[in-house]
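K.L.:
I am attaching a structure below and will ask some questions about it afterwards.
Read-outs throughout are calculated quantities, based only on the coordinates presented, and are distinct from any laboratory measurement. Owing to the predicted nature of the structure, the values given are computational and were not obtained by experimental measurement. With ideal geometry, Cβ positions are generated from the backbone for all residues, glycine too; neighbour counts draw on all protein chains shown.
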Amino acid sequence: MKKFTVAVLIIAAFIFYSLLFSHTNQVAVVPNTSTNSKPSSPSVSSTPADGGAPAPVPTTTTNTPSGTYKDGSYTGSVADAHWGNIQVKAIIQNGKITDVQFLQFPNDRNRSIMINNNADPQLTQEAIQVQDSNVDIVTGATDSSEAFIQSLSDALTQAKA
């Protein structure tokens, strides 16, 4: 009977631990990855025939039409990502973000390298899609994502037309 009680307590503790900590690091990135239509939406934004759901997406992207930013390269501030610093440079051409380059990122630990090799391209791609620093936080790279947003926001503030 003692073995059974100990086994039940261990299982209960595991379930409690799983429920308590499994939701703390979950941040969904998937809903806004369907924004592949955003870059083309300014030129073909009048397609409401698909229904009411797609209409808000083009409306959001029309807030940043081409010509929003001054052309050039703008370096953002250095932002602390807990395990290292992140600094980005925004490349603006024809008033649009065409690239975001990482000048600094945490790369002194294998775990940091793995996280940034995964998160950095996602953050760059989404920033180019939304033409803003308002990007979703990448799951598992919260600190890096927040530092990216901070540095990119600074760079885009400099680039405002």
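K.L.:
Which of the three applies to the range 71-161, rounded, prolate or oblate, going by the alpha-carbon gyration tensor with a ≥ b ≥ c and a/c under 1.5 meaning rounded?
P.N.:
Prolate, since a/c reaches 1.5 and a/b exceeds b/c.
K.L.:
Taking neighbour counts of Cβ atoms within 10 Å as a proxy for exposure, in what order, fewest first, do Ser151, Ser18 appear?
P.N.:
Exposure proxy ranking, most exposed first: Ser18, Ser151.
K.L.:
So how do 113-122, 130-139 stack up, highest first, on mean other-Cβ count within 10 Å? Write out the running numbers ahead of the final one.
P.N.:
On the way: 113-122: 17.2, 130-139: 19.5.
For the peptides 113-122, 130-139, the packing ranking is 130-139, 113-122.
K.L.:
Then there's this: Return the distance in nm (one decimal) between the two label points of a simple spin-label model at Lys89 and Ala13, each offset 7 Å from Cα along Cα→Cβ.
P.N.:
Between Lys89 and Ala13, the label points sit 5.3 nm apart.
K.L.:
May I pose another question? Please rank Leu123, Leu103, Leu156, Leu9, fewest neighbouring Cβ atoms within 10 Å first, as an exposure proxy.
P.N.:
By the 10 Å Cβ count, ascending: Leu9, Leu103, Leu156, Leu123.
K.L.:
Now for a different question. Using Cβ counts within 10 Å as a stand-in for footprinting exposure, how do Ile11, Ile92 rank, fewest first?
P.N.:
Ile11, Ile92
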